[in-house]
Amino acid sequence: MNAIQTRDCGFWLIHVDQDIYFPDNNLPFGTAESLNLTHRHAARIGEWNGHPLFVVEEDPAEQREWTALRALLRLSEEKFYLLNRGVELNYFLKTHRRCGKCGHKTEMASDEWAVQCQACGYRSYPVICPSIIVAVRKGKEILLANHIRHMPKNGGTGMYTTLAGFVEIGESFEQTVEREVFEETGLKVKNIRYFGSQPWAFPNSQMVGFLADYDSGEIRLQKEELHDARWFHCDQPLPELPPEGTIALKLINATLNICRRAEIKE
């Protein structure tokens with residue numbers, strides 16, 4: 001990142017981990033001097049409302065009134081993805097201050113998103129951890145799971161969502177779909193097809209979405225991951241679902257539409 005100049009002007013992404021400074025329902029706008037940022041470092045990462053957008057080097061001790069990144073899923077995809085870019089870039093920089101090859105200090109490259117070792121010249125690039133996320137359909141039903149982290153509280157049902165998991169070394173996305181569904185529920189799937197993707201800065205994931213059809217098996221829970229999993233009919237009441245803006249909800253809605261079209265054809 002570069003030292004911020006007094007007259008640098010635009011919108012500023014100031015954050016600590018996944019907490020964003022979002023006063024008055026927007027990122028702060030103005031000159032670096034007016035926002036007291038001239039002692040900091042930043043990098044331009046795009047445009048926000050037609051003006052430059054800078055991400056400010058993270059200061060873990062910074063105290064502000066924060067807004068959780070998840071709460072900003074309500075923004076347009078373009079803006080939410082820009083916030084993810086900034087958060088992931090800072091995560092990359094703070095975890096790659098030294099060369100993974102020789103251990104010497106790194107500096108940010110001037111021509112691309114990368115850091116370069118000042119001793120051996122080795123370049124490191126932002127680490128993106130791909131994770132599949134899949135909605136499974138069986139006829140007019142969709143498979144939804146209640147993960148341990150979403151277990152029911154205060155008498156509620158808890159959130160039910162799709163299945164997801166990280167891609168392992170030497171594995172295709174489709175193989176990951178098959179493995180994760182089987183590991184977590186004991187079910188085998190078929191007709192796996194790509195749906196879409198979403199950057200997910202928690203802290204550096206890329207959610208790669210798929211649709212799949214049930215093939216065989218009975219639900220057998222992986223207790224370390226799931227509290228419950230079951231089939232829900234497309235025309236019956238559904239439990240609490242993921243929030244708007246998530247690829248999980250998009251997958252669920254797409255699958256429900258497929259279920260309903262199948263019902264009409266019958």
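The values are calculated or read from the model by the stated rules, or taken from the named source; none is laboratory data. It should be emphasised that the depicted structure is a prediction, and the values quoted were computed from it without experimental measurement. Because the Cβ atoms are built from the backbone with ideal geometry, glycine has one as well, and the counts that use them run over all protein chains shown. These accessible areas exclude ligands, DNA and RNA; they are computed on the full protein's heavy atoms, side chains included. Shrake-Rupley method; radii C 1.70, N 1.55, O 1.52, S 1.80 Å.
Any residue in region 226-238 that is open to solvent by 60 Å² or more (accessible area, probe 1.4 Å), modelled with pLDDT of 95 or more and touching a Lys or Arg at 6+ places or on another chain (Cβ under 7 Å)? There is no residue in region 226-238 that is open to solvent by 60 Å² or more (accessible area, probe 1.4 Å), modelled with pLDDT of 95 or more and touching a Lys or Arg at 6+ places or on another chain (Cβ under 7 Å).
The single condition from (1) surrounded by 12 or more Cβ atoms within 10 Å (Cβ to Cβ); (2) more than 19 Å from the chain's Cα centre (by Cα); (3) at pLDDT 95 or above; (4) among the hydrophobic types (A, V, I, L, M, F, W, C) that Val167 fails is (2). Applying the criterion of being open to solvent by less than 50 Å² (accessible area, probe 1.4 Å) and free of Cβ contacts under 8 Å to residues at least 40 places away in the same chain to the residues of region 188-221, the residue that is nearest to Gln18 (Cα to Cα) is Leu221.
The strands (runs of 3 or more DSSP E) found entirely in region 1-46 that carry 2 or more residues being open to solvent by less than 20 Å² (accessible area, probe 1.4 Å) are 9-13. Considering region 107-129 alone, what residues qualify as being within 29 Å of Gln198 (Cα to Cα) and without any contact (Cβ under 8 Å) to a residue 60 or more places away in the chain? Matches in region 107-129: Glu107, Ala109, Ser110, Asp111, Glu112, Trp113, Ala114, Val115, Gln116, Arg123, Ser124, Tyr125.
Could you say whether any residue in region 146-163 is of a type in the set (Gly, Ala, Ser) and modelled with pLDDT of 95 or more? Show your work before the answer.
If we filter region 146-163 for residues that are of a type in the set (Gly, Ala, Ser), which is where we start, we get 155-156, 158.
Applying the additional criterion that residues be modelled with pLDDT of 95 or more yields none.
Within region 146-163, not a single residue is of a type in the set (Gly, Ala, Ser) and modelled with pLDDT of 95 or more.
Checked against (1) under 22 Å from Arg149 (Cα atoms); (2) open to solvent by 80 Å² or more (accessible area, probe 1.4 Å); (3) not in a loop (DSSP other than H, G, I, E, B), Glu244 meets all criteria but (3). Just so you know, in region 74-112 the residues that are more than 20 Å from Cys129 (Cα to Cα) and aliphatic (A, V, I, L, M) include one that is surrounded by the fewest Cβ atoms within 10 Å (Cβ to Cβ), and it is Ala109.
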